[in-house]
Amino acid sequence: MPSFAVIILLTTAVIWGMTWLPLKILHDYGFNGIAISFWVYALMFIAISAFLWRYPTQIKQNWLALLGILLFGGGALLAFNTSMIFGDVIRAMVLFYLLPLWGLIGGRLFLGEKITPIRSIGMGLSIIGAFLVVGGFNAFNSAPSWIDLLAISAGFLFAMNNVIFRATPELPTVLKLNFMFLGTTLLALLALLQMDLSIVPEVSSHAWLTLIGFAMIWMLLANYGTQWAVTQMESGKSSIILILELVTAVVSASLILGETMKPIEMFGGLLIFIAALLETLSARNKQQSNKKPVSQNVAAIPKSYLADQKLKD
């Protein structure tokens with residue numbers, strides 16, 4: 001029988017994979033796409049900002065890392081949401097899942113992590129897959145769309161954010177998440193002001209209630225449910241479960257929106273999926289090989305290791 005943590009993680013993976021639906025609904029209600037991100041993450045930040053007073057020393061000593069989380073994490077969430085709202089869900093999600101490739105490069109450059117043969121294969125599959133998804137050699141006829149670039153950027157920024165998460169295991173996760181939420185709020189506000197878009201759109205009370213419910217129930221459950229569940233199991237196991245997010249997004253967008261991909265794009269997406277799976281299995285094998293005998297009474301995974309997981313936002 002699956003453990004409670006497994007059930008929670010399966011549930012939140014599906015929730016993440018379906019997040020595109022309320023985002024598009026809110027956009028149809030009259031919210032500008034960027035305004036949705038502003039209000040959702042502003043509400044989430046306000047809801048949990050009371051925890052910040054508990055960590056003045058950590059904030060002061062780690063302000064540079066937290067600034068990186070604010071910029072990279074906040075930018076990733078804003079880019080991801082915007083690509084989901086305005087773009088083709090399947091295409092954007094597949095390009096976002098180049099995240100393992102960026103994480104591999106970032107881990108090597110900044111953390112000195114080893115690139116094994118299996119990870120090298122995954123890197124190659126990711127690059128080929130992305131090339132096929134954006135049209136193969138036809139991509140040279142015209143530049144990729146801004147949605148494509150936004151989805152790819154979201155994956156890259158998430159990966160860099162996760163590098164910082166892994167490099168600062170001493171920082172409480174709630175503190176890091178707070179700075180991610182704050183970053184999204186500030187960057188969205190800056191974009192709204194720069195583009196001269198309405199910060200408080202004229203929409204119905206029903207639309208506002210839907211947005212509040214999405215932020216305070218859907219998104220908080222997705223964020224904290226995932227983080228709690230990840231700390232309760234092996235990272236390799238949780239990473240495999242989290243790939244369900246991609247599957248959920250592809251299947252749901254196909255059934256609800258009737259989205260399809262060209263054969264060459266489907267093959268590219270398959271290569272990216274295989275690359276993500278290889279990276280997950282590689283991390284799991286590494287963790288198992290590093291395990292110490294039970295007699296040493298050492299915990300298999302410190303709770304701070306949850307930063308290895310993809311955060312959505």
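The values are calculated or read from the model by the stated rules, or taken from the named source; none is laboratory data. Please read these numbers as outputs of a predicted model, since none were measured by experiment. Because the Cβ atoms are built from the backbone with ideal geometry, glycine has one as well, and the counts that use them run over all protein chains shown.
A single member of L182, L150, L193, L177 is surrounded by 18 or more Cβ atoms within 10 Å (Cβ to Cβ), at pLDDT 85 or above and farther than 26 Å from L104 by Cβ, and it is L182. Quick check: is even one residue across segment 188-197 farther than 16 Å from L77 by Cβ and touching a residue at least 24 places away in the same chain (Cβ under 8 Å)? Scanning segment 188-197 turns up at least one residue that is farther than 16 Å from L77 by Cβ and touching a residue at least 24 places away in the same chain (Cβ under 8 Å).
Residues in segment 5-39 that are more than 27 Å from I199 (Cβ to Cβ) and without any contact (Cβ under 8 Å) to a residue 12 or more places away in the chain: I7 only. The residue of segment 37-51 that is modelled with the lowest pLDDT, among those that are among the aliphatic types (A, V, I, L, M) and under 13 Å from M180 (Cβ atoms), is I48. Taken together, the criteria place R91 among residues that are surrounded by 16 or more Cβ atoms within 10 Å (Cβ to Cβ), part of a helix (DSSP H, G or I), out of contact with any Leu (no Cβ under 7 Å at 6 or more places or on another chain) and basic (K, R).
Would you point out the residue of segment 104-131, among those that are small (G, A, S) and in contact with a Gly (Cβ under 9 Å, 6 or more places away or on another chain), that is surrounded by the most Cβ atoms within 10 Å (Cβ to Cβ)? Among residues in segment 104-131 that are small (G, A, S) and in contact with a Gly (Cβ under 9 Å, 6 or more places away or on another chain), the one surrounded by the most Cβ atoms within 10 Å (Cβ to Cβ) is G129. Filtering I115, I105 for residues that are modelled with pLDDT under 85 and touching a Lys or Arg at 6+ places or on another chain (Cβ under 6 Å) leaves a single hit, I115. Scanning segment 1-37 for residues that are buried (at least 16 other Cβ atoms within 10 Å of the Cβ) and either outside any helix (DSSP H, G or I) or in contact with a strand residue (DSSP E or B) (Cβ under 8 Å, 6 or more places away or on another chain) (or both) yields M18, T19, Y29, F31, N32.
Of the helices (runs of 4 or more DSSP H) entirely within segment 199-313, those holding at least 3 residues that are at pLDDT 80 or above and under 26 Å from R108 (Cβ atoms) occupy 263-289.
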